[in-house]
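Data block below; observations after.
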Amino acid sequence: MAFETGSQVGQYIIEEKLGQGGMATVYKARHQRLDRHVAIKVLHPAFKDDESFLRRFTREAQVVARLEHPNIVPVYDFAEFEGHPYLVMRYVDGETLKDAESRGQLSLTEINRIAQAVADALDYAHRQGVLHRDVKPSNILLTKGGGVYMADFGLARMTQAGESTMSQDMIMGTPQYISPEQAKGVKELDGRTDVYSFGIVVYEMLTGQVPFQSDTGYSIIHAQIFDPPPNPSSINDKIS
């Protein structure tokens with residue numbers, strides 16, 4: 001197996017597996033010459049022979065590489081090793097917002113700091129013609145030094161070119177945070193879809209829960225489309 005702890009991939013030594021998603025696996029690695037840690041996102045082996053998927057993965061690299069902002073995880077490189085395409089990104093030493101929320105209610109100071117950073121990152125990306133399309137706490141990284149980073153633009157859409165990194169007949173996103181128009185499968189999305197998802201992230205930071213909860217993703221998506229969210233003050237009476 002090409003990507004195992006201790007194996008060498010180009011100039012990088014794989015140190016540990018950080019996580020796995022539906023499209024790729026992420027590893028922590030070290031650049032030998034620079035002695036710098038990075039995160040390597042590797043396309044799953046099941047997709048490496050799928051030319052359509054490879055094009056989408058390549059497009060993801062090109063999309064994210066265009067974004068240079070202090071609150072967006074930067075891409076350093078895009079290459080292939082033994083038939084496995086991979087992205088090399090900054091390694092963010094910290095935790096996700098989801099992890100931080102699991103320990104209890106955030107302070108208003110923390111909420112304001114995180115919300116401002118995410119808003120700045122999304123505003124910048126939108127001005128570059130890029131949508132995130134999957135804004136949620138697990139895609140927001142927090143460092144020990146107070147840094148805030150938006151990660152995983154794998155669902156990004158190039159609004160100017162009208163191209164999506166995923167199949168047009170797929171509804172992408174996470175039910176608890178998806179916008180009504182994205183849930184409906186609207187193809188021509190704009191920055192408002194991210195703003196809606198960002199609003200739910202802020203809602204959750206303030207109340208400790210998402211506005212719509214259910215046992216099935218379908219029920220949540222239905223609520224996102226047709227139901228108004230509960231007033232946050234009905235959940236947290238400290239909100240006026």
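Throughout, read-outs are computed from the coordinates displayed, never taken from laboratory work. These figures come from a predicted structure and were not determined experimentally. Glycine gets a Cβ as well: all are built from the backbone with ideal geometry, and neighbour counts include every protein chain shown.
Points worth noting:
- Residues considered: GLY19, GLY173, GLY185. Largest GNM mean-square fluctuation over the chain, using C-alpha springs under 10 Å, is found at GLY19.
- Geometric extent, Cα atoms of region 54-133 - Rg, Dmax (angstrom): 15.4, 48
- From least to most packed, judged by other beta carbons within 10 angstrom and beginning with the fewest, VAL130, VAL186 follow the order VAL186, VAL130.
- Whole-Hz ³J(HN,Hα) from phi, Karplus 6.51 cos²θ - 1.76 cosθ + 1.60, for region 93-99, glycine and proline x: 7, x, 8, 8, 4, 4, 5
- Were the residues from GLU80 through GLU15 laid out at 0.36 nm apart, the gain over their Cα-Cα distance would be 21.6 nm.
- Each 10 Å bin from zero holds the following percent of Cα-Cα pairs in region 1-84: 16, 49, 32, 3.
- Here the chain carries DSSP beta bridges of which approximately 95% are antiparallel, counting only pairs with both residues inside.
- Close amide H pairs (under 5 Å, H built 1.01 Å from N) link LEU18 with VAL26, TYR27, LYS28, residues at least 5 positions away or on another chain.
- Remark: for residue pairs LYS41/LYS98; LYS48/LYS144; LYS41/LYS187; LYS136/LYS184; LYS17/LYS48, the C-alpha separation exceeds 30 Å in LYS48/LYS144.
- Estimated FRET transfer efficiency when R0 is 41 angstrom, pair SER107-GLN32 (beta carbons, to 0.05): 0.50
- Arranged from fewest to most other beta-carbon atoms within 10 Å of their beta carbon, PHE226, PHE212 become PHE226, PHE212.
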